[in-house]
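Here's the structure we're looking at; comments come further down.
Coordinate-derived values only; no laboratory data. These numbers were taken from a predicted model, which means no experiment stands behind them. Reconstructed Cβ throughout: ideal geometry from the backbone, glycine too, with neighbour counts over all protein chains shown.
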Amino acid sequence: MSSARQGADRDGPFQLRGNSFTMMVLKVNDPASPDFFTQLAVKVRQAPNFFRNAPVVLDFEELTEDTPRFDIAALVTNLRALYLLPVGFRGGPRPVHEGALAAGLTPMPAGRAAKLESAAPPAADPQAGAAPIPAPPPEPIYRPALLVTEPVRSGQQIYAEKTDLVITAPVSPGAEVVADGNIHVYGALRGRALAGVSGDTNARIFCHSLEAEVVSVAGLYRVSEDFGNDVLKKPVQIFLRDGYLHMEPQ
C-alpha cells in the first residue's frame, strides 16, 4: 500500500480492523431457576471490579428443544442490572437463537475443531512400489515471552498473545495482566491475572506475593475472598488439576 493511500485511510472518518478480545462466558444451564440471579449476584459481589461492565457471551449449549420457554430479553435486562453486558450468544435450539437475536445479541462462532486423522497408517499397495517417505513435521514457531520491566499501573492492561508474560515489577490494584500462556510476576501480584485465556489448561500463574483481586486459568477463576491464609501475600503458583483451580505456596 502506498504512503498516500495509508495517509488517506488514517484521515478517513473510520477504519475497520480485525482484533481479538477476552470475554467472559456465562453458561446458562437452567434459566428458569428461581436461584439463578440470586446465586449470580453473590458471585458478582465477590469481585465487583472484575465483573463490572464486563462483556459476556451467553452459552446456551446445554439447552434443548424440551427446555421450557423463557424470556431472553428479560434475562439480558437482569444481567445488565448486575452490571454485566451481554453482547453475544452461542449454542441452543432454534427458539433460543431467535429470542437471542431479537434481544440484540450477536451469534458467536464456536471453536474450530481439529481434523481427526487415523492413528494407523494406510495399508501399502503391493503394486505401487515403496511407500513415499513422509515429510517431516514443520518446526514449531518460537515466540519469546513478553517481558515487562516497569510496574503495571492501575487501569493498565497487558496481554501476551500466544506466549508467556513475564513481569519483573509489581502489578498494581486495578491493573489486569493477561496471557495465552503462563504468567510470571517477580513481585507483588495485585489487580487481576488471567492465564491460558485461549483455553490452555496447562497454563500457570507464578508470583512472589499473591495479593490479587482475581486470578484465572483457562476461564476458571477465584476471587480474593477465597484465598487462604496459607497463600495470601506469599509466593504461589496457581494451576488447574482435575477441573479445579489450585494454589500452592512455594
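If R₀ is 22 angstrom, what is the calculated FRET efficiency for the pair Glu62 and Asp242, using the beta carbon separation as r and rounding to 0.05?
Working from the Cβ atoms, E equals 0.55.
Quote to one decimal, in nm, the extra length available between Ser198 and Val25 on full extension: 0.36 nm per residue of separation minus the C-alpha distance between them.
Gain on extension, Ser198 to Val25, equals 61.0 nm.
Using 1/(1 + (r/R0)^6) with R0 = 35 angstrom and r between the beta carbons of Tyr186 and Ser33, what's the FRET efficiency to the nearest 0.05?
Working: r = 44 Å, r/R0 = 1.26.
With a Förster radius of 35 Å, E is 0.20.
With +1 on each Lys and Arg Cβ and -1 on each Asp and Glu Cβ, and nothing else charged, work out how big the dipole of the range 146-249 is about its Cα centre, in Debye to the nearest 20.
About 140 debye.
Any idea which of Phe36, Leu82, Asn49 is furthest toward the positive side of the dipole for the range 24-107, if Lys and Arg beta-carbons carry +1 and Asp and Glu beta-carbons -1?
Farthest towards the positive end: Asn49.
Return an integer: the convex hull volume of the alpha-carbon atoms of the range 146-249, in Å³ per residue.
74
If R0 is 41 Å, what FRET efficiency do you get for Phe14 and Asn78 from their C-beta distance, rounded to 0.05?
0.75
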